[in-house]
Amino acid sequence: MAEKGTYRVKSGLAEMLKGGVIMDVTTADQARIAEAAGAVAVMALERVPADIRAQGGVARMADPTKVKEILGAVSIPVMAKVRIGHFAEAQVLQELGVDYIDESEVLTPADPAYHVNKWDFTVPFVCGARNLGEACRRLAEGAAMIRTKGEPGTGNVIEAVRHMRLMNEQIRAVLAAPAEELMTMAKELGAPYQMLLAIRDSGRLPVVNFAAGGIATPADAAMMMQLGCDGIFVGSGVFKSTDPENRASAIVRATTHYDDPKIIAEVSSGLGEAMSGIVIEEIPEHELMQTRGT
Amino acid sequence: MRVGVLGLQGAVREHAASLSRLDIESCVVKRPEELDGVDGLILPGGESTTMSLLADGDFLGRLRAKAETGYPMFGTCAGMILLAREVDGRPSEAIGAIDIAVERNASGRQVDSFEATLDVEGIGDLFRAIFIRAPYIVRSGPDVTPMAWYDGSAVMARERNVLVCSFHPELTDDVRIHRYFVDMIEEGSQGRRLEG
């Protein structure tokens, strides 16, 4: 008997995406460009984070018509975003047949306190995290893949680096701690105790962890991979640059050959302008996306 | 013995872990010249379009030439697509080392991905097989031996030195299929020694 939607099937798809780049797209044409450049998946959304940031207003799940167009345009997996806590948007995306749902701080949160109970779904979820506590809470809610939050739409990698380094540091501490310290650690991290046990069993975060939020160049991607990320999300970085086709394939190659500076140098040459970035300190605190849904 | 895992993208470390459970040394192969140091190659699951773009013409040509000399290769899911001679009704531009036609994403989108229990001819029964947006074998040539079936389609097959399956043995603790591939490598090297 076939069993669908098991956790192994959900986290297994994320395992298959490792070493790859997932690109934000807003149209079927952009999805085809991303696929031709070697993206392992695309993320369908109404506006890229840089535009959401610039234009303001409530950002919601993409129009189903658009999601269907993108599903029909490419053969690689299609992901789509829902607002934090918006289980009805998630039900719609599952019905449309998207391959992964991103419960994302890039969109305007729909619930002030709670995330979606992701165990209710057959389709797998990815969620953002700034630290190990957030990651473990999302996993305990049923997420099958984690990504750093970074600071979306900024073209500034510093927050993704901060989140990845912190997560690594906290995982090292969990692995090194004597057993009697774990419960207090769980309390301090705000992480379910069972999740810390799972980390000790596997010697690492038990699911795939991608970098997201501010990656704009091949060298950004290579840096995040060298910090131990399993793959890369590029949001505004591709289609807000002057030469999306070449930048997309350069980031794909840089992600595969992240430890080969010769290749990074080669693919970084002559790419035109990267997206213009934003310094984090210049963003008013209430406009930060990473502090949504913790 | 050293077994390579094609490391352009995908479930690379899971295959390495399966091999290490068998006490077999493995290494990641990202460049064509790295093929020389390994006795056989596993092509992992991942996205076949991405992998074939990342392996430029030179790399694919090298793999094709290797396969013709009897070099053992084992492809799972996307790896099977890279090794198949025909993909979605068109001749493959990738490696094409096994005379099968495959249909990509034949099991459907992710919401239709599933686990099922399979018997594999020549290896054993009751494998827990994980199918993720899986390709199926829709035609196989006269020299190909189908080894497992699901829902009327072949999902595992071998032709001489090339082994393929639609599902992901590397996502489970069951290493019987990896053991079978390691045996293929051993038989192959003995065969080549005898001929030499």
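The values are calculated or read from the model by the stated rules, or taken from the named source; none is laboratory data. What you see is a predicted model, and the numbers here were worked out from it, not measured in a lab. Heads up, the Cβs are rebuilt from the backbone with ideal geometry, glycines too, and the neighbour counts pull from every protein chain shown.
Points worth noting:
- A:Ala14 meets all of the listed conditions (1) touching a strand residue (DSSP E or B) at 6+ places or on another chain (Cβ under 8 Å); (2) more than 11 Å from chain B (Cβ to nearest Cβ); (3) buried (at least 18 other Cβ atoms within 10 Å of the Cβ) but one, namely (2).
- Test: residue in segment B:68-80 that is touching a residue at least 12 places away in the same chain (Cβ under 8 Å) and over 15 Å from the mean Cα position of the chain (by Cα): yes
- Here A:Ala62 clears all of (1) free of Cβ contacts under 8 Å to residues at least 40 places away in the same chain; (2) of a type in the set (Gly, Ala, Ser); (3) on the phi > 0 side of the Ramachandran plot except the condition numbered (3).
- Members of segment A:139-172 that are part of a loop (DSSP other than H, G, I, E, B) and aliphatic (A, V, I, L, M): A:Ala143, A:Ala144, A:Val157
- Listed here are the helices (runs of 4 or more DSSP H) enclosed by segment B:1-79 that have at least 1 residues being within 24 Å of A:Asp259 (Cβ to Cβ), touching a strand residue (DSSP E or B) at 6+ places or on another chain (Cβ under 6 Å) and more than 12 Å from chain A (Cβ to nearest Cβ): B:12-21.
- Taking first residues from segment A:150-173 that are more than 21 Å from A:Cys136 (Cα to Cα) and partners that are β-branched (Val, Ile, Thr) and assigned to a helix (DSSP H, G or I), the Cβ contacts under 7 Å between residues at least 6 apart in sequence or on separate chains come to A:Gly153/A:Ile52; A:Thr154/A:Ile280; A:Asn156/A:Ile280; A:Ile158/A:Ile280.
- Of the residues making up segment A:246-275, those that are among the charged types (D, E, K, R), at pLDDT 95 or above and surrounded by fewer than 23 Cβ atoms within 10 Å (Cβ to Cβ) are A:Asp259, A:Asp260, A:Lys262, A:Glu266.
- Selection status of A:Val78, among the β-branched types (Val, Ile, Thr) and in contact with a helix residue (DSSP H, G or I) (Cβ under 6 Å, 6 or more places away or on another chain): yes
- Looking across segment B:135-186, the residues that are surrounded by fewer than 20 Cβ atoms within 10 Å (Cβ to Cβ), of a type in the set (D, E, K, R) and assigned to a helix (DSSP H, G or I) come down to B:Arg176, B:Arg179, B:Asp183, B:Glu186.
- For the residues A:Ala110, A:Ala186, A:Ala160, A:Ala143, the requirement of being in contact with a Phe, Trp or Tyr (Cβ under 6 Å, 6 or more places away or on another chain), within 26 Å of A:Val48 (Cβ to Cβ) and among the small types (Gly, Ala, Ser) singles out A:Ala143.
- The helices (runs of 4 or more DSSP H) found wholly in segment A:198-294 and carrying at least 1 residues that are over 18 Å from A:Val157 (Cβ atoms) and out of contact with any strand residue (DSSP E or B) (no Cβ under 7 Å at 6 or more places or on another chain) occupy A:244-256, A:261-268.
- Within segment B:103-128, residues that are exposed (fewer than 15 other Cβ atoms within 10 Å of the Cβ) reach partners that are part of a helix (DSSP H, G or I) with beta carbons closer than 8 Å, at six or more positions or on different chains, in the pairs B:Gly122/B:Tyr180; B:Gly124/B:Arg176.
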